[in-house]
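See structure below.
The values are calculated or read from the model by the stated rules, or taken from the named source; none is laboratory data. All of these numbers come straight from a predicted model, not from anything done at the bench. Heads up, the Cβs are rebuilt from the backbone with ideal geometry, glycines too, and the neighbour counts pull from every protein chain shown.
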Amino acid sequence: MKPAPVRRRWRKRVVLPLVGVVLLGVTFEVALVRSRESTVVVYNETGAALPSLAIRVGGTVRVFPALAEEESVRIRLGTAGPAGPVRLELAKEPPWEWEGGSVEPAGGQRVSIRLYPDGMVEVDSQVSLWRRLIGSGGSGGSGKEP
């Protein structure tokens, strides 16, 4: 059996592991940078379509024209801005408003809000693993509010 050419052995022993290490480093960097961003996700579990929904967090306002049954919407917050509660507003008669939870835009939080029938709202807040490991970001929690 003939030995593999030197070039092929060099590629197998040096280049491929080096590419693997670089890709691992890039993945780690992306995860670390993205862990600073907070997100708010609202799930419609009311059993009916919802009219125009406005989500306000700190200085960020996003309006969604409608939210179908079993649909969800997500907003990413920038890494700057004041911490504060999440405020939801539905454009219906009578107007429906809800305020709760707390989000720090650069805290690496994911706040999940589930809307149920009869105005019941469930909030769950989680802090990213990277934020917990490096010691920044609050503790996650959850709660239900009528």
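Residue count for segment 18-54 under the criterion of being surrounded by 14 or more Cβ atoms within 10 Å (Cβ to Cβ) and either within 18 Å of the chain's Cα centre (by Cα) or without any contact (Cβ under 8 Å) to a residue 12 or more places away in the chain (or both): the result is 12. Filtered by the rule that a residue be more than 19 Å from the chain's Cα centre (by Cα) and touching a residue at least 24 places away in the same chain (Cβ under 8 Å), segment 61-97 gives ALA68, GLU69, GLU89, LEU90, ALA91, LYS92.
If you check GLU122, GLU104, GLU145 for being of a type in the set (Asp, Glu), over 20 Å from THR60 (Cα atoms), at pLDDT 75 or above and in contact with a Gly (Cβ under 9 Å, 6 or more places away or on another chain), only one passes: GLU122. Against the criterion of being at pLDDT 85 or above, in contact with a Gly (Cβ under 7 Å, 6 or more places away or on another chain) and at negative phi, PRO85 qualifies.
Determine which single condition VAL111 fails, assuming it passes every other condition in (1) among the β-branched types (Val, Ile, Thr); (2) free of Cβ contacts under 8 Å to residues at least 24 places away in the same chain; (3) not in a helix (DSSP H, G or I). Only one criterion in (1) among the β-branched types (Val, Ile, Thr); (2) free of Cβ contacts under 8 Å to residues at least 24 places away in the same chain; (3) not in a helix (DSSP H, G or I) is unmet by VAL111, namely (2). In segment 50-93, what residues are among the polar types (S, T, N, Q) and assigned to a loop (DSSP other than H, G, I, E, B)? Residues satisfying the conditions are SER52, THR79. For VAL57, are the conditions met, namely being buried (at least 17 other Cβ atoms within 10 Å of the Cβ) and either touching a Gly at 6+ places or on another chain (Cβ under 7 Å) or among the aromatic types (Phe, Trp, Tyr) (or both)? Here the answer is yes, as VAL57 does meet what is asked.
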